[in-house]
1. Any idea which of I160, I82 is in contact with a helix residue (DSSP H, G or I) (Cβ under 7 Å, 6 or more places away or on another chain) and either under 23 Å from S248 (Cβ atoms) or crowded, with 23+ Cβ neighbours inside 10 Å (or both)?
2. Filter the range 256-270 down to residues that are aromatic (F, W, Y) and assigned to a strand (DSSP E or B), then give me how many there are.
3. Could you please tell me which pairs satisfy a Cβ distance under 6 Å, a separation of 6+ or placement on different chains, a first residue in the range 214-237 that is more than 14 Å from M445 (Cα to Cα), and a second residue that is modelled with pLDDT under 90 and surrounded by 15 or more Cβ atoms within 10 Å (Cβ to Cβ)?
4. So is P101 within 20 Å of V240 (Cα to Cα) and not aromatic (F, W, Y) or not?
5. For the range 335-409, which helices (runs of 4 or more DSSP H) that fit wholly inside it have 3 or more residues that are touching an Asp or Glu at 6+ places or on another chain (Cβ under 7 Å) and closer than 22 Å to L269 by Cβ?
6. Determine if the range 449-466 includes at least one residue that is closer than 20 Å to F220 by Cα and buried (at least 17 other Cβ atoms within 10 Å of the Cβ).
7. Can you name every residue in the range 190-201 that is touching a residue at least 60 places away in the same chain (Cβ under 8 Å) and either touching a strand residue (DSSP E or B) at 6+ places or on another chain (Cβ under 9 Å) or assigned to a helix (DSSP H, G or I) (or both)?
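The values are calculated or read from the model by the stated rules, or taken from the named source; none is laboratory data. Predicted model only: the values in this text are computed from it and were never measured. Cβ coordinates were reconstructed from backbone atoms using ideal geometry, including for glycine residues, and neighbour counts include every protein chain displayed.
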Amino acid sequence: MPPGIPFIVGNEAAERFSFYGMKTILVIFMTQYLHTAAGGPDYMSETESREWMHLFVAGAYLVPVIGGIVADAFLGKYLTIILLSLVYCAGHLCLAFMDAPRSFLETTLEPRGWLLAGLLLIALGSGGIKPCVSAHVGDQFGQSNRHLLERVFGWFYFAINFGSFLSTLLTPWLLARAGPGWAFGVPGILMAIATLVFWLGRHRFVHVPPRGTAFFAETFSWEGLAAIARLAPLYLLVAVFWSLFDQSGGAWVQQAQQMNRTFLGVEWLESQIQAVNPLLVLAFIPLFSLVVYPALGRLFEPTPLRKILIGFTLAVVSFVIAAYAQRRIDTAAADFTQRIAPLTAAGGQGLDRPATLAALRTAGLNALADDVERAMESGGDPAAPLSAAGIVVTRDGERVRAAWPSVGWQLAAFVVITAAEILISITCLEFSYTQAPTHMKSLVMSVYLLSISLGNLFTAVVNAVMRDADGRSTLAGESYYWFFAACMAAATVMLVPVVWWYRPREYLQAEEAA
């Protein structure tokens, strides 16, 4: 194995801890913890927070196009990664400032301003280095050790999910126990460590020099344009998968708020449920390599495009499960509404208002608690936000809770969509590298990552278009999940001719087209 690989894999584990750590708590922070500089609530609605989160991810995967050009044409991959990692660290620092003392905030930016600045810098830093790191892995290999490339991309993806698993468990706990400063600060510290680890490997790497202005002539040559044109239909369809997959950090987190999250004897925070995805990836990588792919090989040749097609089918199934889970949630909410109707009548006179509000805030449902409080103060009916929360306390001290469905339904959806991720994401990483001409590896990787941006942009647009004047989605309940399942089913059908017609052509470093 090339000597620089441990430094790249170690860097990736720490960097992914930092990215997924802040992304894991982003929606919960925006809907439950965001305040003004004066200390008043500045919470976003669920729909608005999903829109912000998906726009951030879209930006983080749009910037790779710029990072790929800078690396391949001007600075080289190593220097591009080092410089943009410093920008990345600055973004985490901005997020930590949201929890700064009030005197500091009142003389600088509002927390929402620090949030925007932090997300912009992290999108620039994370997105800029992303195509360079994965292409830098491939640069360490030639024809003589080509057989190790699939294994090392598996290790690379293992490092991504090892870091993601730890951060998905830790950062929600930090947010609940220590506040946003530490919850966003610890991922920033890990990003600084990632930068240091990568710098330590500087003398162990194979460094492919930038091509200078020749890069543009080669990229816009017939060979370069043909390579991108062959891959473009695949990437456009893969974008639909990412539209679904990245909702595990948005819509699925909000869905988990209305589920019974007791599992293995522990009541998990809603944003911690995502940790099952990287944990499953760690288990599935060797399982697929040693068991699933050999088993498929006895039936047909599991080419990269065939693996992706199977992954598309599984993605549809995962959102069908999520839609069914949401149907059970909606049924439980309707039943709960009927149960509390006598309590909420006449302005909620049957409720112990202080105890109910305290119970909501203890459960972390701050935005819903504010909605209930406003309804009570105005003499309105608090039934709607109380039904969404599923908690009330009566005058005689009885605590009434909704019969939310088990989080096991969402865990089942995670199992299926993680299997789809293994088949699609790891396969696309390796396939994109081998299909890219030698002088434009980072650029082609960035074009693949652009599919993730397009998928998240699509989700953000759907949430923006479907948002009503009150900030809530008109595509509500299980209809939301059925809509995306239908989009994925259409993409699966359209992928079939791509699998049939595509003719692979491999390129590796230090040699011409194989």
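1. I160
2. Final tally of qualifying residues: 1.
3. Every condition considered, the pairs that remain are F215/D72; F215/A73; E218/G224; E218/H439; E223/P437.
4. When the stated conditions are applied, P101 does not pass them.
5. Where helices (runs of 4 or more DSSP H) fall fully within the range 335-409, none carries at least 3 residues being touching an Asp or Glu at 6+ places or on another chain (Cβ under 7 Å) and closer than 22 Å to L269 by Cβ.
6. yes
7. Result: L190, M191, A192, I193, A194, T195, V197, F198, W199, L200.
To keep it simple, each residue is scored yes or no on (1) among the hydroxyl-bearing types (S, T, Y); (2) under 30 Å from G201 (Cβ atoms); (3) in contact (Cβ under 8 Å) with a residue 40 or more places away in the chain; (4) in the same structural domain as P209 (by TED's automatic domain parsing).
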| position | (1), (2), (3), (4) |
| --- | --- |
| H35 | no, no, yes, yes |
| S45 | yes, no, yes, yes |
| E48 | no, no, yes, yes |
| P64 | no, yes, yes, yes |
| T80 | yes, yes, yes, yes |
| L86 | no, yes, yes, yes |
